[in-house]
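Reading through the structure tokens given below for one structure.
The values are calculated or read from the model by the stated rules, or taken from the named source; none is laboratory data. Keep in mind it's a predicted model, so treat the numbers as computed, not measured. Cβ placement follows ideal geometry from the backbone for every residue including glycine, while neighbour counts extend to all protein chains displayed.
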Amino acid sequence: MTILAGVIGDPIAQSRSPRLHGHWLARYGIDGQYMPLHVRKDDLAETLRLLPRLGFAGVNVTIPHKEAAFALSDERTARAEAAGAANTLVFRDGRIIADNTDGLGFVASVQQGAPNWQMDRPALLLGAGGAARGILAGLLAAGLPEVLVANRTADKAVALADLFPGNVRAVPWDRAPDELGGIGLLANTTSLGMTGQPPLEFALDHLPPEAVVTDVVYAPLRTQLLDRAVARGHATVDGLGMLLHQAVPGFEAWFGVWPEVDDALRAAVLA
Ligand code: NAP
């Protein structure tokens, strides 16, 4: 029987997930379909009840449903709890299991794109929104000794740090460039640098040469931040890798194959 999965969001036409999963389905010869599903906020609860009855094995969840889908689930993985949001749902035995693979995807992407990343050094995250929370949880789960968070709205950085007592420290946005000494990873998790947004203006002068610079923005693929980092000789990782790697656990749960993230997948998603 054809296995069904998809991605729910509003809007959804821009999602690259159907192309991504479609590439893997063809590559592994799986009898499956992965479709974009335009679901409005008011229809979310009913849709999640209906999809398993229509034969869906699960769905990815994107903006603006990640928190609501988490709240509507019956079971949550530890990483979904840590992120407070779901990006992957598995329907099993009449129950909705919520997972969040953004942090794992981020870590796997940086590991693949910058194999010399020094994970025994602290990371500095710029931004304290939904993406930052998932990434922060992923970095701590991966064993980083400390993560610093700087955000334009300082209260949000403090609130995020308070969710992970111990190894997370909020630093003022204006003083963040002075905190770069000893950092192993600098990550932009804000929407600055996206097409249509201003670039991220952030001084890199104090960043150690061996530090890795990464951006969650993937449109454009090469942001001004990454270009400036390359010019200084840093290893850089673009935001597309996170999108590709976060998709792996869902594909495995629904279609039964742990798929590979490689250049052919990147090319298929970018085509
Ligand atoms: P969000 O929850 O709305 O958070 C937005 C963040 O950007 C906040 O920290 C916000 O700061 C900051 N920001 C926005 N405009 C700013 C400005 N002019 N100056 C300084 N900071 C500014 O959004 P999100 O869900 O975290 O998404 C953030 C970005 O990550 C988006 O570009 C999204 O496409 C990308 N993303 C990529 C992936 C991937 O797989 N690569 C996955 C998820 C998200 P304030 O709190 O001060 O407003």
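The table that follows gives values for the structure above.
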| read-out | value |
| --- | --- |
| Per-region count, segment 240-270, residues free of Cβ contacts under 8 Å to residues at least 24 places away in the same chain and assigned to a helix (DSSP H, G or I) | 3 |
| Flag for Arg152 being charged (D, E, K, R) and in contact with a Phe, Trp or Tyr (Cβ under 7 Å, 6 or more places away or on another chain) | yes |
| Residues located in segment 193-209, provided they are surrounded by 14 or more Cβ atoms within 10 Å (Cβ to Cβ) and over 16 Å from Pro177 (Cβ atoms) | Gly193, Met194 |
| Every residue from segment 139-196 that is within 14 Å of the ligand (Cβ to nearest atom) and on the phi > 0 side of the Ramachandran plot | Gly193, Gly196 |
| Unique residue being modelled with pLDDT of 95 or more and in contact with a Lys or Arg (Cβ under 7 Å, 6 or more places away or on another chain) when the list is Ala176, Ala98 | Ala98 |
| Any hit, segment 76-87, residues being near the ligand (Cβ under 10 Å from one of its atoms) and part of a loop (DSSP other than H, G, I, E, B) | yes |
| Segment 215-271: number of residues that are within 16 Å of the ligand (Cβ to nearest atom), more than 23 Å from Leu139 (Cβ to Cβ) and in contact with a Gly (Cβ under 7 Å, 6 or more places away or on another chain) | 1 |
| Lone unmet requirement of (1) of a type outside the set (Gly, Ala, Ser); (2) buried (at least 20 other Cβ atoms within 10 Å of the Cβ); (3) assigned to a helix (DSSP H, G or I) for Thr47 | (2) |
| Residues within segment 105-119 that are more than 16 Å from the ligand (Cβ to nearest atom) and touching a residue at least 24 places away in the same chain (Cβ under 8 Å), tallied | 4 |
| Cβ pairs under 9 Å, 6+ apart, first in segment 183-201 and under 11 Å from Val147 (Cβ atoms) and small (Gly, Ala, Ser), second assigned to a strand (DSSP E or B) and within 6 Å of the ligand (Cβ to nearest atom) | none |
| Leading residue by the ranking (modelled with the lowest pLDDT) among those in segment 120-134 that are within 8 Å of the ligand (Cβ to nearest atom) and among the small types (Gly, Ala, Ser) | Gly130 |
| Matching residues in segment 25-41 - criterion: being in a loop (DSSP other than H, G, I, E, B) and of a type in the set (Ser, Thr, Tyr) | Tyr28 |
